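**Student:** Pasting a structure below so you can have a look.
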Amino acid sequence: MGLDQYLTRKIYIGGNYKHRKVTGSVKIKIDGKPVSVDIKKLSYIEEQVGYWRKANQIHNWFVENVQDGEDDCKSYYVSREQLQELLATVTDILGKVELIDGTLHTGTRWDSNGRTETYEDGKVIANPEVCEALPTTSGFFFGNTDYNEWYVKDLEDTKKILEDALANESDEYEYRASW
């Protein structure tokens with residue numbers, strides 16, 4: 001349970017149009033059994049090019065910049081330019097952020113004795129103002145909203161996801177989150 005986020009790349013095939021001159025075959029097996037795919041009926045191939053778990057600052061960026069503020073677990077078209085904009089923002093923050101020793105909030109538990117907070121040593125962001133372009137956001141099981149090493153790790157993962165996705169020639173991407 002929690003915030004799961006997906007970036008999908010859609011590759012238009014248009015196998016049902018003769019002028020596209022689509023050739024080849026698709027050979028897929030599931031549990032050792034072949035799956036029949038008629039290439040002449042193939043419209044799109046979809047690849048999951050990104051997955052995040054509780055990267056709420058990235059989710060918030062998509063909600064505000066792609067979904068017109070609607071946080072509704074639906075799939076949304078994302079332009080290549082929007083992905084480039086997010087990559088530039090992530091890269092800028094990573095170039096400025098400074099991690100120092102600190103204490104990380106790792107959780108909250110409730111039991112018969114009441115509420116207990118748990119902490120561990122780690123790294124926190126000394127200059128959180130550089131994160132203003134990608135603020136954390138809270139939500140139903142959205143994860144930690146502190147500016148620390150986990151925030152930075154989410155940005156590093158996002159940078160790799162976006163660089164890999166943008167290395168392919170495609171203009172069709174979709175973002176979807178669920179919780």
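**Student:** Rounding to the nearest 10 and keeping the result within 0 to 90°, find how far the Cα-based axis of helix 56-65 lies from the longest principal axis of the chain.
**Tutor:** For helix 56-65, the angle is close to 60 degrees.
**Student:** For the chain, with a Gaussian network of springs between Cα atoms less than 10 Å apart, report the residue from 92, 38, 101 with the top mean-square fluctuation.
**Tutor:** 38
**Student:** Within the set of other residues whose C-beta is less than 14 Å from the C-beta of residue 136, count the net charge using Lys and Arg as +1 and Asp and Glu as -1.
**Tutor:** In short, -4.
**Student:** Under a cut-off of 26 Å between alpha-carbon atoms, report the lysines in cross-link reach of residue 159, not counting same-chain residues fewer than 8 places apart.
**Tutor:** 10, 54, 74, 96, 123
**Student:** List the aspartates and glutamates whose Cα lies under 17 Å from the Cα of residue 27, skipping any in the same chain that are fewer than 8 positions away.
**Tutor:** The reachable aspartates and glutamates, counting only those whose Cα sits under 17 Å from residue 27, are 38, 46, 47.
**Student:** What is the dipole size for the chain, taken about its Cα centre, with +1 at each Lys and Arg Cβ and -1 at each Asp and Glu Cβ, in debye to the nearest 20?
**Tutor:** In total the dipole reaches around 1400 debye.
**Student:** Determine, for 90, 152, 37, the number of other Cβ atoms within 10 Å of each Cβ, and report the residues in order from fewest to most. Before the final figure, lay out each step's value.
**Tutor:** Details: 90 25, 152 18, 37 13.
Sorted ascending by nearby Cβ count, the order is 37, 152, 90.
**Student:** What is the helix-to-structure angle for 80-96, meaning the angle in degrees between its Cα long axis and the longest Cα principal axis of the chain, kept from 0 to 90 and rounded to the nearest 10?
**Tutor:** Long axis of 80-96 versus the principal axis of the chain: about 30 degrees.
**Student:** Would you order 131, 73 from fewest to most other beta-carbon atoms within 10 Å of each residue's own beta-carbon?
**Tutor:** Going from sparsest to densest Cβ surroundings: 73, 131.
**Student:** Sorted from fewest to most neighbouring beta carbons within 10 Å, what does the list 158, 23 look like?
**Tutor:** 23, 158
**Student:** Suppose R0 equals 25 Å; then what is the FRET efficiency for residue 68 and residue 132 from their Cβ-Cβ distance, rounded to the nearest 0.05? Write down the numbers at each step before the final one.
**Tutor:** Values: r = 21 Å, r/R0 = 0.84.
For residue 68 and residue 132, the calculated efficiency is 0.75.
**Student:** Now for a different question. In segment 82-179, how does Rg compare with the Kirkwood Rh, expressed as the Rg/Rh ratio over alpha carbon atoms?
**Tutor:** A ratio of 1.05.
**Student:** Would you mind getting the Kirkwood hydrodynamic radius of segment 12-106 from its Cα pairs, rounded to one decimal in Å?
**Tutor:** The Cα-based Kirkwood calculation yields 17.8 Å.
**Student:** Take the chain, connect every pair of alpha-carbon atoms lying under 10 Å apart with a spring to form a Gaussian network, then pick out the residue of 63, 22, 124 with the largest mean-square fluctuation.
**Tutor:** Maximum among the listed residues: 22.
**Student:** May I pose another question? Would you mind telling me which residue in 51, 119, 76 has the biggest mean-square fluctuation in a Gaussian network model of the chain, where springs connect alpha carbons within a distance under 10 angstrom?
**Tutor:** Most flexible of the set in this elastic network: 119.
**Student:** Can you give me the convex hull volume of the Cα atoms of segment 98-150, divided per residue and expressed in Å³?
**Tutor:** Considering the Cα atoms of segment 98-150, their hull volume per residue is 84 Å³.
**Student:** Nearest 10 degrees is fine. How inclined is helix 149-166 to the longest principal axis of the chain, computing both from alpha carbons?
**Tutor:** The angle comes out near 20 degrees.
**Student:** Select one label from (1) 120; (2) 128; (3) 169: the one whose number is volume of the Cα convex hull per residue in Å³ as derived from the coordinates shown.
**Tutor:** Of the listed options (1) 120; (2) 128; (3) 169, (3) comes from this structure.
Readers should treat all values here as calculations from the given coordinates under stated rules, not as data from a laboratory. Because the structure is a prediction, the values reported are computed rather than measured. All Cβ positions, even for glycine, are placed from backbone atoms using ideal geometry, and neighbour counts span all protein chains on display.
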